[in-house]
1. For region 1-82, which chymotrypsin sites (Phe, Trp or Tyr not before Pro) pass both filters: DSSP loop (anything but H, G, I, E, B) and at most 10 other C-beta atoms within 10 Å?
2. Loop only per DSSP, at most 15 neighbouring Cβ atoms within 10 Å: give me the GluC sites (Glu not before Pro) in region 7-90, ordered by residue number.
3. With the crude spin-label approximation of a point 7 Å out along Cα→Cβ, what separation in nm comes out for Asp49 versus Val89?
4. Can you compute the label reach from Phe62? Point 7 Å from Cα along the Cβ direction, backbone N cut-off under 15 Å, restricted to region 11-25.
5. Tell me the relative contact order for region 1-52 as a rounded percent, counting alpha carbon contacts under 8 Å between residues six or more apart.
6. Roughly how many percent of the accessible protein surface of the chain is carbon and sulfur, given a 1.4 Å probe and a whole-percent answer?
7. So what's the projected area for region 56-104, the Cα convex hull averaged over all directions, in nm²?
8. Using a simple spin-label model with points 7 Å from Cα along the Cα→Cβ vector, what separation in nm is obtained for Lys102 and Ser8?
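The values are calculated or read from the model by the stated rules, or taken from the named source; none is laboratory data. For clarity, every value in this text was computed on a predicted model and none was experimentally measured. Using ideal geometry, Cβ is built from the backbone for each residue, glycine included, and neighbour counts are taken over all protein chains shown. Keep in mind that these areas ignore ligands, DNA and RNA; they rest on the heavy atoms of the full protein, side chains included. Shrake-Rupley method; radii C 1.70, N 1.55, O 1.52, S 1.80 Å.
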Amino acid sequence: MPNILNNSQFYNKVRTSEKLVVMDFFATWCGPCKMLAPIFESLSNEMYDKVDFAKIDIDRSFEVVEEYKIVSVPTMIIFKNGKEVQRIVGFAPKEQIKSKIKAHL
């Protein structure tokens, strides 16, 4: 299951991971976020050897949310070598998310 990170853990994960990092920006009150959660977990189980998956609660990590200009949830950002390479805003089906991740491996 992907960990929920705070601001400092987020920066550490994105900057130090040798793998691709997929970060799910979510809110506990968000319906589409709840629909995405099992898909995100399933992908993390399938792709754990090549991709790090983690989550950020937007109501608890204002610094990261502000820096990455998160205005809608769910938002997933794919990071490679510490840089944002893809952003997926809103709910998306599993295969669509997976193909976007694979494009950066």
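1. Details: sites: Phe10, Tyr11, Phe25, Phe26, Trp29, Phe40, Tyr48, Phe53, Phe62, Tyr68, Phe79; in loops: Trp29, Tyr48, Tyr68.
Loop-located and lightly packed - Trp29.
2. Numbers: sites: Glu18, Glu41, Glu46, Glu63, Glu66, Glu67, Glu84; in loops: Glu18.
Taking region 7-90 and a limit of 15 other Cβ atoms within 10 Å, the loop GluC sites (Glu not before Pro) found are Glu18.
3. According to this spin-label approximation, the distance is 3.6 nm.
4. Backbone N within reach: none found.
5. Numbers: 23 pairs, mean separation 26.1, N = 52.
It rounds to 50 percent for region 1-52.
6. Working: 2980 of 5850 Å².
With neighbouring chains kept in place, the figure for the chain is 51 percent.
7. The directionally averaged projection comes out at 3.6 nm².
8. 3.9
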